[in-house]
Amino acid sequence: MNITIIGAGYVGLVTGVCLASVNHDVIVLDIHEKKVDLLKQGISPIYEPGLEPLLKQQLQDHKMTFTTDYHEACNQAEIIILAVGTPSKQDGSSDLSFIKSAAEEIGAQLMKNGTIIVTKSTVPVGTNKKIKGWIQNRLSGPYHFSLASNPEFLREGSAIHDTFDGDRIVIGADSQAAAAKLEEMHRPFNVPVLHTSIESAEMIKYASNAFLATKISFINEIANICEKLGGNIEDVAHGMGMDSRIGPHFLQAGIGYGGSCFPKDTNALVQLAGDIDHKFELLESVIKVNAKQQVSLVNKAREHFGSLSGKKAGVLGLSFKPNTDDIREAASIEIVKQLLAEGVAVTVYDPVAIDNARSVLGESVSYGEHLFDSIEDQDMLFIATEWEEFKVLRLKTIAKLMKNPAVFDGRNCFSLEEAKETTVDYYSVGRPAVI
Ligand code: UGA
C-alpha cells in the first residue's frame, strides 16, 4: 500500500520504518528540513534501539522516502497517518495546532477519492470530528475520504519490539471499508485487532495511559507506607501481581513516572473531563502523588544529613527510563533542580542523555564523562534511572569511591543483602533503609 506519515517524530518515524519493513511503500513528511536531511541519509534524530539499522535498510530497499512537500506526500496516498505532536498547553489540555495545520494541508492536497486519514497522535475524544471539518474546509474538489483513529501503544526504548509484538491494534474507523483496509495494512504484524468506534479508540489510548499511571502511583504510595510501617514493596508487589486480576506488570515502585506520555496524557484527560464538568479526582491524585514521588529521594537525603547545603551529590541516570535519551518530565531533572535549590554541587552522568540534559540544565551542574565521575568523592549518590550499567556496579565499589557513602536508589537497583555487607548507608523505595 502507499502510505504517508505526517510527522517524523518518535511515533511517526517508528511507525513508518516498521510499515516499510513489511513491504508497504512509505513516504514520511516532516516540516523540519534538517530532520528530513538527516533521515534521507539514514540517520535517526532519536535514540531508539534497532531503529537506525532498520531505517537504513528501508532506504536501501527503496521502500521509504522523506520529504517536506505536502503535495508529493499526499496526492497519491491510499492512507495518510497523522503522527504530529500534541503537546500540553499551560492548563494541561492538548494543543491541537499541529494537527489542525497538518489536516488543512492534507485537505488542500487531496486529489483522489477514498484516501483514509488515520490519526495516530494522541488526541482528545472528539478530535477526529474536528479533523474532518479542517480537511473539508480546504478540499479543492468534491473528493470523499474516510477517517480513522488508530492510537499507538509503543514504549520508548522498545518501540520496534512493541510494533511487531504488541498486545493489540485498535482501529476506530468511520466505514467498514476503511476498517478492513487498515486491518489489512497491519496484517503482517500479526497482532490482535480490535475494531471500535472512533470515539472509543480515542478514549482507549487515554484510559490505558491513565490506568498505567494510576498503577504506578498506587504502588508508590504502598511503598511509602511500607517504609514507615515495615514490609518490603518488592514482596508486596510480587504477592499482589500473582492475582491474575491485578497482574504482575507496572507494579515497580520507584521515583514516579516521567516521559512524554503519562504526564501529558493524564493532565489532558483531567482537562477533558473538566470540559464536561466532570472532576476526575482519582487521576488528579495520581498526578499529585507522582509529583511528590519524583523528589522523595531528596527528602530522604535531607533527613539523613540534616542540611544538604554545601554538600556534593552525584546523579546517575537522567533519561526518564533506560534505553532512551528522552529526559522529558524525568524525575532526575526534578531531583537535580531540588538539590541545586538546596545549595548542593551536582555532577550528573547518563550513558546517552547528556546532550539533552545540557540543554535543560546548562552550566548549573557538572557533567561526568564516565559514571565514576559522578561517584568519586561525592557525599551522596542518587540513582534516578535503572540503566543496566548502573545495576552491574557493586555497592562495595561505590563505597570505596565515595567520601561518606550514602546512596539514594530511586529504582531499587541493589539488594538489601548486598547493602548490609557494605559501609554504604543505603536508602531505596519501599524497603527498609540499611544504615
Ligand atoms: C507509555 C506506555 O507504556 C505506552 O504503551 C504508550 O504507547 C506510550 O506511553 C505513549 O503514550 O506513547 P513510555 O512513556 O515510553 O510508554 O514508557 P513506559 O515504559 O510506560 O514508562 C513510563 C514511566 O513509568 C517511566 O518513567 C518508568 O520508569 C515508569 N514506571 C513504569 C514505573 O515507575 N514503574 C513501573 O512499574 C513501570
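Structural remarks
- Hits in the range 311-325 - residues which are within 11 Å of the ligand (Cβ to nearest atom) and either among the β-branched types (Val, Ile, Thr) or buried (at least 24 other Cβ atoms within 10 Å of the Cβ) (or both): Gly317, Ser319, Phe320, Thr324
- The number of residues in the range 106-152 that are in contact with a strand residue (DSSP E or B) (Cβ under 8 Å, 6 or more places away or on another chain) and either at pLDDT below 95 or not basic (Lys, Arg) (or both) comes to 25.
Per-residue answers, yes or no, for (1) of a type in the set (A, V, I, L, M, F, W, C); (2) in contact with a Gly (Cβ under 8 Å, 6 or more places away or on another chain); (3) crowded, with 18+ Cβ neighbours inside 10 Å:
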site: Ser244; (1), (2), (3): no, no, no
site: Ala273; (1), (2), (3): yes, no, no
site: Ile276; (1), (2), (3): yes, no, no
site: Gln294; (1), (2), (3): no, yes, yes
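- Those strands (runs of 3 or more DSSP E) lying entirely in the range 341-435 with at least 1 residues away from the ligand (no atom under 16 Å from the Cβ), under 12 Å from Leu316 (Cα atoms) and not polar (S, T, N, Q): 345-349, 380-383, 406-409
- Positions within the range 73-118 being of a type in the set (S, T, N, Q) and in a loop (DSSP other than H, G, I, E, B), in sequence order: Asn75, Gln76, Thr86, Gln90, Ser93, Asn113
- Listed here are the helices (runs of 4 or more DSSP H) enclosed by the range 146-257 that have at least 3 residues being within 12 Å of the ligand (Cβ to nearest atom) and not assigned by TED's automatic domain parsing to the domain that holds Gly16: 198-229, 233-241.
- Restricting the range 2-39 to residues that are touching a residue at least 24 places away in the same chain (Cβ under 8 Å) and acidic (Asp, Glu) leaves a set whose member that is surrounded by the most Cβ atoms within 10 Å (Cβ to Cβ) is Asp30.
- Count of the range 10-60 residues, restricted to those that are assigned to a helix (DSSP H, G or I), aliphatic (A, V, I, L, M) and over 20 Å from the mean Cα position of the chain (by Cα), is 8.
The values are calculated or read from the model by the stated rules, or taken from the named source; none is laboratory data. Bear in mind that the values here come from a model prediction, so they are computed numbers and not experimental data. Because the Cβ atoms are built from the backbone with ideal geometry, glycine has one as well, and the counts that use them run over all protein chains shown.
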